[in-house]
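Let me begin by presenting the structure, written as structure tokens, before commenting on it.
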Amino acid sequence: MNANEKYAVVAKDLTRKFGAFTAVDHVSFSVSRGEIFGFLGANGAGKTTTIRMMCGLLLPTSGSALVAGFDVFTQAEQIKQHIGYMSQRFSLYEDLTVLENIEFYGGIYGLSRKQIRRKSRELLAYLKLEDRANTVTAELPLGLKQRMALSTALLHDPEIIFLDEPTSGVDPDSRRQFWLLIYELAARGKTVFVTTHFMDEAEYCQRVSIMQEGRIIELDSPQNLKEKYKSESMQSVFLKAIGEESS
Amino acid sequence: MSRTFVSIIKKEFLHIVRDYQTLIIIVLMPVMMLLLYGYAITLEMREIKIAIVDHSKTPQSRALINHITSSNFFDIKARNVPESQFEDLFQQRLVRSVLVIPQDFSRSLNSNPQTPVQLLIDASDPNAANYILKYLSQIVTEFEIEQNPRLHFPFRVVPRLLYNPDLKSEYFFVPGLIAVIILLISALLTSLAIVREKERGTFEQILVSPVHAYQIVVGKVIPYIALGFVDSVIILVFGHFWFKVPVEGSILLLLGSLILYLLTGLSFGLFVSTITESQRVAMIVTLLMTILPTIMLSGFIFPIPSMPVIFQYISQIIPATHFLKIIRGILLKGSGLADLKNQLFYLVLLASFLIAVSIRKFKTTLE
Amino acid sequence: MQRLLYLIQKEFRQIRRERMFVGIIFIMPIFQLILLGFAITTDIKNVSMVLVDEDHSAFSRKVEESFAVTTAFRYLGAVQNVEQAKQRIKKGEAQLAVVIPYHFERDVKSGKSPGMLILIDGVDGNSAGVIAAYVGRVAERLQKTWLPKSGLSPIQIKNLHLTELRTRMIYNPNLKSVDNIVPGILAILIIIITSFLTGMSIVREKEIGTLEQLMVTPLRNWELLAGKIIPMIAVVFLLLNVGILAAGLIFGLWIKGNLFSLYALALLFSLSGLSLGVFVSTISQTQQQAMFFAWFFMIFSILLSGFFIPIENMPPLIQLITYLNPVRYFMIVIREIYLKGTPIIYLWQQALAMTVFGIVMFVLAGLRFQKRLG
């Protein structure tokens, strides 16, 4: 098995500058297929910029990255066929109904009418939204919207899923349900790349990287990190890691 | 003044200053508009394209044509075209008017008391048509005097144009632009001020703080009064020194009424802000309710007495109608407090009414 | 292609959901036609005037009567003296004062040609000019009637040979400004919808975050743009037709030329407006900024398009600027077709200018509108 097939995402010395400001500074990592890979860091640490470069939304200033075997510099459009993306901002159309949103995103991912109908049924059943299919999305509770947004981002059955702070502003119960969904995806062989600033969520990841000021300062499994820092929780690992770095 | 109140004002100022793009627009737009439109707006026509068909070809007909060429009102674009091509001339917009001198022009001029000359005018633009008729009437009168040396008039008309003897259109439009620009800034900016916070959800944060409704409203308004005031002074200075618009009356009275007018605009903007939920709607409501009527119905460009009666009544509701009378009165006619007391009274009434309404409305939104 | 259809379908669903949009399409044209059609009038009517009669003669009463019966004037009555007349003008109560001097009648009859003082409020220079012309017309009629009585011998009168202008106003014989303004309003409406609403709808998606979501889909750039533009064109045509019907029903003004020529050129115009809207959306981050741009442009397009301010008379520099205004071209097109029935071949220059504008804007917008952030 060569490296391309083993890894869903490979980044090497990835850098992005905005004017004089370096948002992401020579970041390197690789994510295996089927892995849940977490990105931790305070706000402004460079998580969102990194994820945007992976999705082809931002062009890196230097370095290289392959996503699903495609180059982010030259093959951004092919990448988009193979990934799902959900940002911290809500990505559904609030003035469309649940069904219309599914239909729309299914349509622009090139699904046939038959596929869209089947997918809609499955999705509505899964989210237990059958009786609210024709409600305008704005009227759904936030947690449900979030799960729905993720589901619509997955309509085209992508191999890799990028989630940028997907659970911010959601109550604990909804967050738990959301993570159950992520586990299911991983179990189906999907690669999940997720940024968060909830440290308890970091425990659910197979590996996490901790970012600070545009650099990756730690990258390992939560277990190894806890041992390294002699901590009980990821919370204190995180505090110690960034504390050490800045002192 | 409570400390929370001061911090609201401060916050609002910071919003304005930080958003430098908007700030540049606020400061530059008025000057640009003034420069552009101060020069551009005039309804007068010059160098009107005309075609002349001379069937007579006599010294007299040439004398008439000479009068037309020597005036700078007309630009002769075509001569002696056959009648069948008149329509084409008009439709291709080569000329706006065709003058046809008949074959028996000279003969008739020597024997008949009245000699007709045909004039065709493209009246699809009535303003231009009016000017064409006016200029040609003048030219024909000159021609008559030349042809009849003994002609004298039973009486003469001695026109005297008060306040603006050279009929400079800047005198009329620059003060008008001030009224429009001030409204643009005051109503538009404040109408967005509250809705924007509603949309972003920062509004609730303020609501839970121990501040009175009126403090929030006043705190929102004060920075914009300052901004609008600075803006208006810039325009005034520009209008006076660049366009040479005179200031005949009291500057103090002018600045006072300016603030009054600003207040009506601002309080209306606030009112819109409290009743709308999104910036887009706020924008469109402001557009329809303030800016459009101000440009169209206040007498800024179009004379109110010429409008249908119902619109004349509507125009009396619009604050700009009254402010225009005030600012033109003070700048051009040297009007004083006594001349303008009705207009000022209306502005005071309207401003206090609007502020009261928006505070009231605002309170009910809170509860 | 299929993706495009879904985009268009989504756009229509959003339009239908938003009640304001429906209002904009059906109410705005009617509202604007009524408001602007009646308010924008370059004719000067109801000029309020006062009269100072120092002569109190049969002739001065004849002057008073001649002014009073002229429909352009609203005669407020006589005032005592010139000073009072000036006061009335200063207060804005009167725009015009006519002063008949002492011994007016006697001087007319003896051929002394007395001067009749006319005071006009010059603040509104344009109106003042027109008022002066009106006064001139009234005076001319009086002069003609009094000519035989003004100390001329019958032989002198016989030797007078005057010229008479026989004027025919074509295309708009009654000189109604409404006829000129109404097609202009339709042009303004189209530019508002295309540049303003398109820009806003893109920036709104930017603000909400849905645009980012669309960017990570395999949608192509042109599909994204076309998905915004095509529904808007449908909206514009709906609105144009509502406007055409309203103009006909309210003002009795129906198209004189070929409707399909108008459609074709309106399509061209809409495309240039739409690409402008897309361009605006690429340079603004928030709806507020987009609105400011749109606003600035709207005022620009109303005042510098020849809508009611003649372009020919602007300073050369400003005339050059007006060439950058697509409304300038369509303003001519719609009026020509509406009022004069001009065939489309005579409008090729305007069509060409709009095409060039549209292409340039489209390229600019396309360059700036990338499926990338930052």
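The values are calculated or read from the model by the stated rules, or taken from the named source; none is laboratory data. These figures come from a predicted structure and were not determined experimentally. Reconstructed Cβ throughout: ideal geometry from the backbone, glycine too, with neighbour counts over all protein chains shown.
Residue count for the range A:63-80 under the criterion of being within 21 Å of A:S32 (Cβ to Cβ) and either among the aromatic types (F, W, Y) or under 17 Å from the mean Cα position of the chain (by Cα) (or both): the result is 7.
Restricting B:D88, B:D122 to residues that are within 9 Å of chain C (Cβ to nearest Cβ), under 18 Å from C:R166 (Cβ atoms) and of a type in the set (D, E) narrows the list to B:D122.
For the range B:42-56, the count of residues that are more than 13 Å from chain C (Cβ to nearest Cβ) and part of a loop (DSSP other than H, G, I, E, B) is nonzero. Scanning the range C:42-81 for residues that are touching a Lys or Arg at 6+ places or on another chain (Cβ under 9 Å) and among the hydroxyl-bearing types (S, T, Y) gives C:S48, C:S57, C:S66, C:T70, C:T71. Taking the numbered list (1) of a type in the set (F, W, Y); (2) buried (at least 20 other Cβ atoms within 10 Å of the Cβ); (3) not assigned by TED's automatic domain parsing to the domain that holds B:L324 in turn, B:F86 passes all entries but (2). C:G248 falls short on exactly one of the conditions (1) touching a residue at least 12 places away in the same chain (Cβ under 8 Å); (2) within 20 Å of C:I30 (Cα to Cα), and that condition is (1).
Under the condition of being more than 7 Å from chain B (Cβ to nearest Cβ) and of a type outside the set (D, E, K, R), the residues counted in the range C:13-46 number 17. Out of C:G257, C:G277, C:G273, C:G306, which single residue is closer than 30 Å to B:L36 by Cα and either outside any helix (DSSP H, G or I) or within 11 Å of chain B (Cβ to nearest Cβ) (or both)? On inspection, the qualifying residue turns out to be C:G306. Scanning the range A:74-86 for residues that are within 21 Å of C:R220 (Cβ to Cβ) and within 9 Å of chain C (Cβ to nearest Cβ) yields A:A76, A:E77, A:Q78, A:I79, A:K80, A:Q81, A:I83, A:G84, A:Y85.
Here C:T198, C:T194 are screened, and the one residue that is within 26 Å of C:M291 (Cβ to Cβ), assigned to a helix (DSSP H, G or I), within 14 Å of another protein chain (Cβ to nearest Cβ) and of a type in the set (S, T, Y) is C:T198. Quick one: which of C:V236, C:V216 is touching a strand residue (DSSP E or B) at 6+ places or on another chain (Cβ under 6 Å) and either within 25 Å of C:G277 (Cβ to Cβ) or in the same structural domain as C:F307 (by TED's automatic domain parsing) (or both)? Checking each option against the conditions leaves just C:V216. Within the span defined as the range C:170-185, every residue fails to be over 24 Å from A:F162 (Cβ atoms), within 14 Å of chain A (Cβ to nearest Cβ) and either part of a helix (DSSP H, G or I) or more than 28 Å from the chain's Cα centre (by Cα) (or both). Does any residue of the range C:207-219 turn out to be away from chain A (no Cβ under 14 Å) and over 30 Å from B:V158 (Cβ atoms)? Within the range C:207-219 (the criterion being away from chain A (no Cβ under 14 Å) and over 30 Å from B:V158 (Cβ atoms)), the answer is no, since none of the residues qualifies. Kindly evaluate B:L347 against the criterion of being assigned to a helix (DSSP H, G or I), of a type outside the set (F, W, Y), assigned by TED's automatic domain parsing to the domain that holds B:S186 and in contact (Cβ under 8 Å) with a residue 12 or more places away in the chain. Here the answer is yes, as B:L347 does meet what is asked.
Checked across the range C:26-42, the condition of being assigned to a strand (DSSP E or B), of a type outside the set (F, W, Y) and either within 30 Å of B:L337 (Cα to Cα) or in the same structural domain as C:V182 (by TED's automatic domain parsing) (or both) holds for no residue. Applying the condition of being of a type in the set (D, E, K, R) and part of a helix (DSSP H, G or I) to the range B:117-143 and asking which residue is nearest to the chain's Cα centre (by Cα) yields B:K134. Elements of the type strands (runs of 3 or more DSSP E) sitting completely within the range A:147-232 and holding at least 3 residues that are under 16 Å from the mean Cα position of the chain (by Cα) and more than 19 Å from A:Y109 (Cβ to Cβ): these cover A:191-196, A:207-212. Restricting the range B:57-76 to residues that are in contact (Cβ under 8 Å) with a residue 60 or more places away in the chain and of a type outside the set (S, T, Y) leaves a set whose member that is surrounded by the most Cβ atoms within 10 Å (Cβ to Cβ) is B:L64. The C-beta contact set for the range B:156-171 (first residue at negative phi and more than 7 Å from chain C (Cβ to nearest Cβ), second residue outside any strand (DSSP E or B) and of a type in the set (A, V, I, L, M, F, W, C), distance under 8 angstrom, 6+ apart or interchain) comprises B:E170/B:F243; B:E170/B:V245. Scanning the range B:73-111 for residues that are among the aromatic types (F, W, Y), under 25 Å from C:I332 (Cβ atoms) and assigned to a helix (DSSP H, G or I) yields B:F86, B:F90. Of all residues in the range B:256-305, how many are within 13 Å of another protein chain (Cβ to nearest Cβ), closer than 25 Å to C:A39 by Cβ and more than 19 Å from the chain's Cα centre (by Cα)? Looking only at that region, the number is 5.
Going by the conditions given, is B:P82 facing chain C (nearest Cβ under 9 Å) and either among the acidic types (D, E) or more than 27 Å from C:N126 (Cα to Cα) (or both)? Answer is no for this residue.
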